[in-house]
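These notes are about the structure you will find just below.
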Amino acid sequence: MTLRAVLCGCGAMAKGWLRALQSSELRSEVEIVGLVDLDLSVARTLAAEFGLDRADIGTDLATVIETTQADMVFDVVVPSARSTVVSTALRRGCHVLSEKPLAASMAEAKALLALAAETGRVHAVVQNRRFISGIRRLRRAVEDGLVGEVSGIHCDFFIGPHFGGFREAMDNVLLLDMAIHTFDAARFISGRQPLTVYCVESNPSGSWYAHGASANAIFKLSGGAVFTYRGSWCAEGRRTSWESAWRLVGSKGMITWDGEEAFEATIAGGEPGLLRGHQVLAIPSAPDENQTHGHASVLVDFIRAVKSGRRPETASDDNIKSLSMVFGAIESARTGLPVSISVEGH
């Protein structure tokens, strides 16, 4: 059975979606039957680049859904338009896979979750960092108890991309547009839930963003664990990985990952004296290498969920917990006070 999909939002990010779709095992299972963008020339250019000659092209999502009889919508619009696009798709019977963030506010997120439940449609978010080998390996190491019970998760993210476009005009740009990846990964790896956050946000000297290009946050997690995040999106010079640099501290030892290829797991050694040195352990491979292809794996997971009726890994009613970390951090930065995190409380 070939599913019919409309892609809404045909800017630069849409190319990544189409490349991921074409590179995945889904090539014969999903057909892009419609392209929607406020600028028809952008949609036409995208159609020509990816050979989508038969796709219906328009500026109104509801009309294109009706014309194409679409089964699903791939939502690649800017965050401020997300609520309208997802609501339109769900009300017309489409399953929806959205870019992150899930919504531009917790109120909008809750309304979308309620609508997805009401319509019985699959609604998920592209948290593609969950589907890379490094994140899967860390989760497996934690589940296997490799370094004991994890009490600390510490992430550094320092990079200086010059995007242009909507990001450079956004409020809270690092927290809302990028830190969500690391926050979601920390929750996924640890299996813990966020309880409170204290955050300091700034827009450093030399920043080319309008607001919030840097943030430092401390989260208390369930089970007595702590997650710290230090980040900047206007940090020139030698960068970290896009996946952040990680240190997990457990009751028996530590795991470090540079976000790329360098992994190390160590426990206490047997040296006498003040410090006992360390012993290096092997880190297990990812449990399923077929789930480590980033965006393509998110798409496969979503399509399989639509076809089977099972719950996708990045379902919106789970992803809202990661979004609550973002908006909790934003509120803490605004007030200068620690904030309790609760999906119900925002």
For R129, indicate whether it is assigned to a helix (DSSP H, G or I) and out of contact with any His (no Cβ under 8 Å at 6 or more places or on another chain).
no
Among (1) under 26 Å from E264 (Cα atoms); (2) of a type outside the set (S, T, N, Q); (3) assigned to a loop (DSSP other than H, G, I, E, B), there is one condition P161 misses while meeting the rest; what is its number?
(1)
Outside the structural domain of L112 (by TED's automatic domain parsing), surrounded by 13 or more Cβ atoms within 10 Å (Cβ to Cβ) and farther than 25 Å from V76 by Cβ: is that true of R230 in this structure?
yes
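Looking only at the range 254-265, count how many residues are in contact (Cβ under 8 Å) with a residue 60 or more places away in the chain and not small (G, A, S).
Number of matching residues: 5.
Quick grid of which residues meet (1) touching a residue at least 12 places away in the same chain (Cβ under 8 Å); (2) surrounded by fewer than 21 Cβ atoms within 10 Å (Cβ to Cβ); (3) within 15 Å of the chain's Cα centre (by Cα):
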position	(1), (2), (3)
G269	no, yes, no
H278	yes, yes, no
S297	yes, no, yes
R310	no, yes, no
E313	yes, yes, yes
S316	yes, no, yes
S322	yes, no, yes
Looking at (1) farther than 17 Å from H295 by Cα; (2) assigned to a helix (DSSP H, G or I), can you tell me which one Q22 breaks?
(1)
Go through S205, S251 for me and flag whichever is of a type in the set (S, T, Y), touching a residue at least 60 places away in the same chain (Cβ under 8 Å) and over 20 Å from S322 (Cβ atoms).
S251
I need a count of the residues in the range 290-346 that are at pLDDT below 90, out of contact with any Lys or Arg (no Cβ under 9 Å at 6 or more places or on another chain) and closer than 23 Å to G134 by Cα.
2
Selection within the range 236-262 - surrounded by 15 or more Cβ atoms within 10 Å (Cβ to Cβ) and of a type in the set (D, E)
E243, D258
Please go through the range 176-202 and pick out each residue that is under 17 Å from G259 (Cβ atoms), out of contact with any helix residue (DSSP H, G or I) (no Cβ under 7 Å at 6 or more places or on another chain) and touching a residue at least 60 places away in the same chain (Cβ under 8 Å).
T182
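Can you list the strands (runs of 3 or more DSSP E) lying wholly within the range 204-291 that have 3 or more residues being of a type in the set (G, A, S)?
Once the strands (runs of 3 or more DSSP E) in the range 204-291 are filtered for at least 3 residues that are of a type in the set (G, A, S), what remains is 214-221.
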For G148, state whether it is surrounded by fewer than 21 Cβ atoms within 10 Å (Cβ to Cβ), small (G, A, S), at pLDDT 95 or above and at negative phi.
no
Near pairs, Cβ below 6 angstrom, 6+ apart or cross-chain, from the range 1-16 (within 15 Å of S41 (Cα to Cα)) to any residue that is among the charged types (D, E, K, R)
C8/D75; C10/D37
Filtered residue count, the range 101-116, keeping only those that are of a type in the set (A, V, I, L, M, F, W, C), under 26 Å from H295 (Cβ atoms) and part of a helix (DSSP H, G or I)
6
If T84 satisfies all but one of (1) part of a strand (DSSP E or B); (2) under 24 Å from the mean Cα position of the chain (by Cα), what's the number of the condition it fails?
(1)
Identify all residues within the range 16-53 that are surrounded by fewer than 16 Cβ atoms within 10 Å (Cβ to Cβ), modelled with pLDDT of 95 or more and under 23 Å from V85 (Cα atoms); write none if there are none.
L38, D39, L40, S41, T45
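The values are calculated or read from the model by the stated rules, or taken from the named source; none is laboratory data. Computed from a predicted model, the values in this text were never measured in an experiment. Neighbour counts run over all protein chains shown; Cβ positions are idealised from the backbone, glycine included.
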